[in-house]
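Here is the structure we will look at.
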Amino acid sequence: MPERLDKFLSSQNICTRKEAAKLVRAGAVLINGVPADSPAQKLDPEADRVAVEGREIQYRQYVYIMMNKPAGVLSATEDKHTSTVLDLLPPDLRRRGLFPAGRLDKDTTGLLLITDDGELAHKMLTPKSHVYKLYRAMLEKPVAPEDIIAFEKGVTWGDVAFAPAKLYVCPGEEPNAAYVEIREGKFHQVKRMFQAVGNQVLALERLRIGGLYLDKSLPEGGCRLLEKAEIASIFSKGS
Ligand code: URA
């Protein structure tokens, strides 16, 4: 769909619409190699090549950012008192409309997707899509065999019933470590599921969403753009 040049430049986080007008006046914006003559000029973001001050813009309708969320920050767009995951984004990845797709608790670490694509976020989060999220939990005490069966059937905490989940341990790891896969995203879900079987989560990290794994080369608080294949892998099964 054709879009105004100044709107296009601000949507791609290149400059504000006001700055776009200045750049156009200075002859610094080229559309398909020809200097743009007005910030109101229409272009096709998918087909036209736009360059600003000699640098070609790589058009992205939406952005998809993987973050290795650290403990102590909120999965929110803004907060008066506490840093949010959006505050951690480097300037070149910031743009209007970004939000964390699904919440991790303040003390939970690991894989978080930040995007401005509401449709994808909805598809990823709805339990109907069966996109499983894998967590590693450090627990107060080791998992009991009956907990595995209870999770498989679906545990209840108070009046909240949780959908069946996969719970397993890995031989050779710390005795109190466990892995949980859930497809819902209810408030404090993993913590409450363990409470329901008389255990307590001491630390929680998300490792995978669907088939998309946390990039372990990202330091805590680090982030990077996802490739197309990685975005698609969210909806592949994972293992
Ligand atoms: N379950 C929880 O209890 N907390 C999270 O942050 C994510 C899942």
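The values are calculated or read from the model by the stated rules, or taken from the named source; none is laboratory data. Given the structure is predicted, the values throughout are model-derived calculations rather than measurements. Here the Cβ is made from the backbone with ideal geometry for all residues, glycine too, and neighbour counts use every protein chain on show. The protein model used for the area step is the full one, side chains on, heavy atoms only, and it has no ligands, DNA or RNA in it. Shrake-Rupley method; radii C 1.70, N 1.55, O 1.52, S 1.80 Å.
For the stretch 74-133, the percent of C-alpha pairs falling in each 10 Å distance bin, counted from 0 to the bin holding the largest distance, reads 20, 51, 26, 3. As a fraction of the 1.4 Å probe accessible area of the chain, surface on carbon and sulfur atoms comes out at 53 percent. How many angstrom lie between the Cα centre of the stretch 43-60 and the Cα centre of the stretch 158-174? So the two Cα centres are separated by 48 Å.
Relative protection proxy for 200-207, 89-96, from highest mean packing down: 200-207, 89-96 (other beta-carbon atoms within 10 angstrom). The phi torsions of the stretch 101-107, fed into the Karplus equation with coefficients 6.51, -1.76 and 1.60 and a -60° offset, translate into couplings of 8, x, 9, 10, 4, 4, 8 Hz, rounded to whole numbers, with Gly and Pro shown as x. Placing +1 on each Lys and Arg Cβ and -1 on each Asp and Glu Cβ, with no other charges, gives the chain a dipole about its Cα centre of roughly 360 debye. At full extension, A40 and N176 could sit 42.9 nm farther apart than now, given 0.36 nm per residue minus the alpha carbon distance. Past the 32 Å Cα-Cα mark, which pairs from K80/K153; K80/K133; K42/K80; K7/K133? Flagged as over cut-off: K80/K153; K42/K80; K7/K133. Ellipticity at 222 nm from helices only: DSSP H runs of n ≥ 4 in the chain, each -39500 (n - 2.57), divided by the residue count, give -5000 deg cm²/dmol.
Accessible area ranking (1.4 Å probe, heavy atoms, ligands and nucleic acids excluded), largest first, for M138, M1, M67: M1, M138, M67.
Roughly speaking, what is the stretch gain from R103 to E19, that is 0.36 nm per residue apart minus the C-alpha to C-alpha distance, in nm to one decimal?
26.7 nm is the gain from fully extending R103 to E19.
What is the calculated FRET efficiency for R55 to A229, with r their C-beta to C-beta distance and R₀ = 35 Å, to the nearest 0.05? According to the calculation, E is roughly 0.85. Highest-first packing order for the peptide set 215-222, 3-10, 127-134 is 3-10, 127-134, 215-222, based on the mean count of other beta carbon atoms within 10 Å.
Take the stretch 100-239 with all the other protein chains still there, run a 1.4 Å probe, and you get 50 Å² of accessible area per residue.
What the stretch 3-56 shows is 59 Å² of accessible area per residue, with the surface traced by a 1.4 Å probe over protein heavy atoms. Positive-end ranking of Q200, W157, P2 along the dipole of the chain, with charges on Cβ about the Cα centre, is headed by P2.
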